[in-house]
Amino acid sequence: MSEKQIFTAAGRSVAFAVEGAGPALVIVADQGSELAGLAGLSHLVSEADFRVVLIETDRAEDVVDLLDSLDITDAWIGGHGSGGVVARTIAIENHDRVNGVLLLGVAGEAPALAEGIPVLVVQASDDEVTPPANGEALRDSAPGLVSVVTIDGGGHQFSETRAGETAWAIEDYLDWD
């Protein structure tokens with residue numbers, strides 16, 4: 001992961017990091033988590049010619065403001081745990097800027113899916129915070145729009161403990177390499 005930076009949005013200080021070049025993939029950290037937990041995943045995905053933007057926030061507006069400041073007009077928007085709620089909100093409110101949504105685990109209470117935007121769910125088989133049943137229910141609610149990849153083990157921090165498998169699932173789905 002590149003060096004952690006601070007962006008000021010609406011008077012709030014927001015931590016972020018950018019790594020790599022190519023099509024943009026934004027990942028919002030789970031509430032209470034730091035960017036460092038996503039560093040391994042970011043590095044692996046950026047090596048496959050992606051520009052990965054990690055951000056710590058619970059506000060969709062912060063992400064959109066950061067994208068504007070980085071001159072990113074469109075991206076896949078994702079999030080780990082509660083960060084996925086932020087990603088889903090961005091997709092609804094900024095439909096034209098979102099190529100797809102990446103959910104690293106599916107939070108139980110979240111907004112509806114944005115119409116017509118593809119969703120990739122990567123989840124752990126033993127995640128007790130965002131259980132796999134949540135991802136399967138989301139897929140069943142929007143067949144053909146939601147794809148689910150389940151990683152064996154890893155718990156709620158699977159994107160850190162199983163970074164290689166998680167990166168492969170993302171790269172394989174997006175087929176950017």
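The values are calculated or read from the model by the stated rules, or taken from the named source; none is laboratory data. Since we're looking at a predicted model, the values are computed, not measured. Note that we place each Cβ from the backbone using ideal geometry, even for glycine, and neighbour counts take in every protein chain shown.
Under the condition of being closer than 10 Å to residue 150 by Cα, surrounded by fewer than 22 Cβ atoms within 10 Å (Cβ to Cβ) and touching a strand residue (DSSP E or B) at 6+ places or on another chain (Cβ under 8 Å), the residues counted in region 118-134 number 2.
A single entry from 28, 101 fulfils the requirement of being β-branched (Val, Ile, Thr) and over 23 Å from residue 144 (Cβ atoms): 28. The residues listed here are 142, 163; of these, the one that is surrounded by fewer than 19 Cβ atoms within 10 Å (Cβ to Cβ) and either of a type in the set (A, V, I, L, M, F, W, C) or touching a strand residue (DSSP E or B) at 6+ places or on another chain (Cβ under 7 Å) (or both) is 142.
For region 64-78, taking the residues that are within 10 Å of the chain's Cα centre (by Cα) and not aliphatic (A, V, I, L, M), the one that is surrounded by the fewest Cβ atoms within 10 Å (Cβ to Cβ) is identified as 76.
Counting only strands (runs of 3 or more DSSP E) that fall entirely inside region 1-63 and contain at least 3 residues that are surrounded by 19 or more Cβ atoms within 10 Å (Cβ to Cβ), the qualifying elements are 12-19, 24-28, 51-56. Only residues that are surrounded by 23 or more Cβ atoms within 10 Å (Cβ to Cβ), at pLDDT 95 or above and over 13 Å from residue 60 (Cβ atoms) were counted across region 79-117, and they come to 6.
Could you tell me whether region 136-152 includes any residue that is out of contact with any Lys or Arg (no Cβ under 8 Å at 6 or more places or on another chain), at pLDDT below 95, more than 27 Å from residue 62 (Cα to Cα) and of a type in the set (S, T, N, Q)? Scanning region 136-152, I find at least one residue that is out of contact with any Lys or Arg (no Cβ under 8 Å at 6 or more places or on another chain), at pLDDT below 95, more than 27 Å from residue 62 (Cα to Cα) and of a type in the set (S, T, N, Q), so the answer is yes.
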